[in-house]
Amino acid sequence: MREAYIYDAVRTPRGKGKNTGSLHEVTALSLATQALSAIRDRNSLDTSKIDDVYLGCVSPVGEQGSDIARIAVLNANYAETVAGVQVDRFCASGLEACNIAAAKVKSGEAEMAIGGGVEAMSRVPMGSSGGSWATDPSIAMKTYFSPQGIGADTIATKYGFSRDDVDAYAVQSQQRAAKSWKEGRFKKSIVAVKDQMGAVLLDHDEHMRPDTTMQSLASLEPSFKMQGEMMPGFDAVIQQRYPEVERVNHVHHAGNSSGIVDGAAAVLIGTKEMGEALGLKPRARILGGASIGSEPAIMLTGPEFVTKKLLDKLGMGKKDIDLWELNEAFAAVVLRWVQAFDLDMEKVNVNGGAIAMGHPLGATGAMILGTMVDELERADKERALITLCVGAGMGTATVIERVN
Amino acid sequence: MENFKIDVDADGIALITFDVPGRSMNTITASVMRDLAELVKTIKTDANIKGAVIASGKESGFCAGADLGEMNQRGAAQAAAPASEDEKLKKQFEQSFSLNRAYRDLETCGKPVAAAIEGLALGGGLEMVLACHYRVAADNPKIKLGLPEAKVGLLPGAGGTQRLPRLIGVQNAAMMILQGQDKPPQEAKSLGFINEVVAPGKTIEAAKAWVKANPKAIAPWDVKGYRVKDGPFTPGGAMAAVGGNAMVSKQTNLNYPAQRNILSCIYEGMQVPIDAALRIESRYFIKTANTPQAKGMIRSLFVSMQALGKGGNRPEGFPTYEIKKVAVLGAGLMGAGIAYVQAKAGVETVLLDVSQESAEKGKAYSQRIVDKDVSRGKITKEKGEELLARITPSTDYSLIKGADLVVEAVFENVQLKADVTKKAEAYLAETAVFGSNTSTLPITGLAEASVRPKNFIGIHFFSPVERMGLVELIRGKDTTDETLAKAIDYVLKIRKTPIVVNDHRGFYTSRCFGTYPAEGVEMLMEGIAPAIIENVGRQCGMPMGPLEVSDSVGLDTALKIGKTNAELSQQDYKKDPRANLLSWIVEDKGRVGRKGGKGYYEYGEDGKPARIWPGLSEKIEVKVKECPPAMKEELTKRFLFRQCIEVARCFEEGVITDPRDADVGSILAWGFAPYSGGCISYMDLFWGTKKFVEEADRLAKQYGPRFEPPKLLRDMAAKNESFYERFGAKEKKAA
């Protein structure tokens, strides 16, 4: 059986996803190009040996449209023979791109590939690509379409997480992210983004608020109360799917949900043989990946089910995993996952997550995969499970194992 | 052409007079649809015609839309036609699309066409107007312009869902169509679907002037390069689409396919050119018309309501009973409400109570409503005063003299009712009717106090009287057809819908309605989380959750009834776990329901339910905490089947005999899932008696004999006979 190895992982810092964010002034193409260039340069890659580049991107319109992966390959001066394809599995696109790369490598279709992602949310706003799920009555009503925030608040209500619970988790995310930056835990992966002249534009995650406290969060108004209770009244819609919910408790707000940011990431994945031929040292082995569909109205419970699916497939149990990484889309999503598997919080999202650092939709999966490669090495651990909740009710997960 | 008359004037402008022969109102009949094709051809090909103005030949208005009665009949006939499903659908499409095609041909005839509207234009009538290039309406705020199809479970199928959003924007149009709203001319003009408003009587002149000045008119959407500005994938349009879906989901609980399909027509139609859009609309029209919801709603909410509102269940052979004066006994909440609706309908009303003060208090109820209506401009001060002057509050029974009818509305106490009956009859003419407003006491028993039991009848009003449209008439053993006819005339006079039932404990409505909260209690006893019970109750189409209903009725009242029933059947009520629960809540916990501010619910200061009382779990352990879709479906069935089976029992026992009464009564009296067309239509159209009985048997096996179908239903199921086939003789006679 062919194996898929991770040889390297890079990511850009995450810029605030608004027009005052540092990365607002560079294009999405430039972000993707810089990630691809960095992974080539630091590994002295002969890019003609790369078969394909998979980049996650959730709003593939405007400058992110028309297969940004292939365009970035060309812009990064990769060999002309390197193909590229844009991947959309909503928030898990970046991880899905890596899973596809690994699968292609394992199947023999590719020897060396890159998985990654890009999302310039300050430039191509979330939702720009339209789509029928929320707009077409024939599917919106059938599936009780409700925005993610309503789903997250419903998870909090249904599984009993109070405003204090979710805020406490958010404070922890900020503290862990701040500590990780202070200790240089991300330095192996971070490549500063350069501007049009080539000067450094951003070298750190600028969305973080390390001095966040329970008090400072307490002053924030819930973000989804209005659209839930008043116009257009999504609470009543999601209650049609969950009649057990007497009233949705709106606990999420900007401080305990993932931040909107810009960023890109790339992960180099290949066979043992091609790695050796290129003089690369494998860092981790991809043991397996999986995706699953889950109930779409609540939308964000997929990680529980995909985690179980993947661990079962790999014949593994809780004890086999040392580090657990779930994208912090909303605090309650993580809390529910931890509750479902009764996980030790000390092993979950150990370096903080998207609540502190932000969630550049198409790139995040590849970013947190890279973070786990670094952390397995730093903490001297064996295996990590990486997963994300996904729009329209899905979950995607990957299990990796450190090699050296 | 029998429906349209053409007069070409000196300028070459054809005045088309729309005038369906033999009817007081223009509707789009099959004959009109045939004529339209010819009409359009004439306008298009007659070289003498330079343009056209369409006006109505009726005083009553322009056109009221499709002929729903005809459609109801046609629907029944079509079901029999043997064909493959595909052929059947395509045939239906052709039939339905022909009107769309005719209007589209009118719109693209190459000559300017304007509509002159002097009276209401609704549904297919307004759609004809929208297909004209220019629309002139008379300046009269009483003129209704709208697309009411959604109210009877249909959608506008002749371009309404396409032209209106293109004219006034998706959001405004969606709101109007989804709710079936109508607008007066000035508002229609500011919205943008009427071009000009002129003095009444001047519309034809104005329309002709426009036609003369605009020889090359075409519709905006036929101008080259036209694009819908607010379709679903435009910045503003996307938000409106998402919000619209959520709002309709919330308001309909997905029980009304018409509303969903209207949104689909708009969503899909705004993305394509008008011709494709009209085909899409016609397909959704057929899809909608074929649902049991549309069939049930058209029949019950339109055809039957109209028939009953015209005395469709009145015994024949008796002259109309003129109601000029009515005495109301008891000026409590019900009596006061009855006095108000009578006075409003022009009936001289004597409002009697034991003290002048109580009687005056009863009249004050009308005063409050009148004051509010006057301040809101709903009626004039003079009309209000006239209304109030018709009510005479008094303690003097001799004022009953000359009354055509007496409504007794005193407390539910047999002795008290007997006393006032005797007292009143002393002054009542021999031909006058004595009506007792009771919701539970058997009429035959009450009639024993009467010297004229033949003239005695139950007249069961619902609270609040001024808002509830139904009156349940209960025939006692001796009540004559003549008395019933008179009582129906009375109900029609006060503009309510009468249904006729026979005497039985709880009659029809109270008896069947009670099964809904009762099933809620069964679920509670099983340990199903109260939130699930309440939410599913509302979501399956009932106006409130069953526990909230119990709270509104009063838990102490329910306990009292439970105790009485136990006594009657010589059982210890405490042995019944339901009664046990009730007595714990009422007697131990002091929670009597909404009126006491605490019951199954906790109530806020505004008197509205704040949350389900958490203390309930002290008594009943919650065992079922989640409600996946399969369970929701099961609970929905339990709620609806339980009520329907009780209705079927009423038929078996002869309590009710006309399915129209049963259907309309179930919707108007206790709000049974209106999308179904009522309890009977739910059985007939959503299941068919055969499948219904199979499912009821399964429920009975699983949950108990309360779901056991009565023998009548089994007999019908053996032939898969519907209630309307078996009991619908009156309906056929009326048609």
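Throughout, read-outs are computed from the coordinates displayed, never taken from laboratory work. The structure displayed is predicted, hence computed values, not measured ones. Cβ placement follows ideal geometry from the backbone for every residue including glycine, while neighbour counts extend to all protein chains displayed.
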Problem set entry | FRET efficiency, B:Phe411 to B:Ser84 (Cβ-Cβ, R0 60 Å, nearest 0.05) | 0.40
Problem set entry | Sites A:Asp46 and B:Gln73, calculated FRET efficiency, Cβ-Cβ separation with R0 60 Å, nearest 0.05 | 0.15
For this session: Mind giving me the nanometre distance, one decimal, between the label points for B:Lys401 and A:Ser132, set 7 Å out from Cα along Cα→Cβ?
Result: 7.8 nm
Exercise. Where in the range B:1-98 are there GluC sites (Glu not before Pro) that are in a DSSP coil and have at most 15 other Cβ atoms within 10 angstrom of their Cβ?
Worked result: B:Glu2, B:Glu59
Problem set entry | Estimated FRET transfer efficiency (B:Asp139, B:Asp576; beta-carbon r; R0 45 Å; 0.05) | 0.10
Seminar exercise, completed: Exposure-ranked with fewest Cβ neighbours within 10 Å first, A:Ile114, B:Ile474, B:Ile585, A:Ile139 stand as A:Ile139, B:Ile585, B:Ile474, A:Ile114
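Test of understanding: what is the full-extension gain from B:Lys361 to B:Glu694, defined as 0.36 nm times their sequence separation minus their Cα-Cα distance? Walk me through the intermediate numbers first.
Details: separation 333, 0.36 × 333 = 119.88 nm, distance 5.38 nm.
Result for the pair: 114.5 nm of gain on full extension.
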For this session: From the P(r) of the range A:232-391, can you give the percent of Cα pairs sitting at distances over 18 Å?
Result: 65 percent
Exercise. PRE reach from A:Ala254 (point 7 Å along Cα→Cβ): which of the range A:113-143 fall under 18 Å by backbone N?
Worked result: A:121-123, A:125-126
Exercise. Relative to the present Cα-Cα distance, how much length would full extension add between B:Lys5 and B:Val223 at 0.36 nm per residue of separation?
Worked result: 75.4 nm
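Report, for the protein assembly as shown, the % of DSSP beta bridges that are antiparallel, rounded to 5.
So the antiparallel bridges amount to about 45 percent of the total.
Where does the longest stretch of chain A lie that holds no trypsin sites (Lys or Arg not before Pro) found in a DSSP loop with 13 or fewer other Cβ atoms within 10 Å? Please list the in-between numbers first.
On the way: sites that count: A:Arg2, A:Lys18, A:Arg42, A:Lys142, A:Lys187.
Here the longest segment lacking exposed loop sites spans A:188-404.
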Seminar exercise, completed: Sorted by chain and then number, the residues having a modelled amide H within less than 5 Å of the amide H of B:Lys183, at least 5 places away or on another chain, are B:Leu145, B:Gly146
Exercise. In nm, what is the difference between 0.36 nm times the number of residues separating B:Lys719 and B:Lys623 and their Cα-Cα distance?
Worked result: 30.4 nm
Seminar exercise, completed: For B:Ser190, placing the label point 7 angstrom along Cα-to-beta-carbon and taking the range B:135-152, residues whose amide nitrogen sits under 18 Å are B:137-146
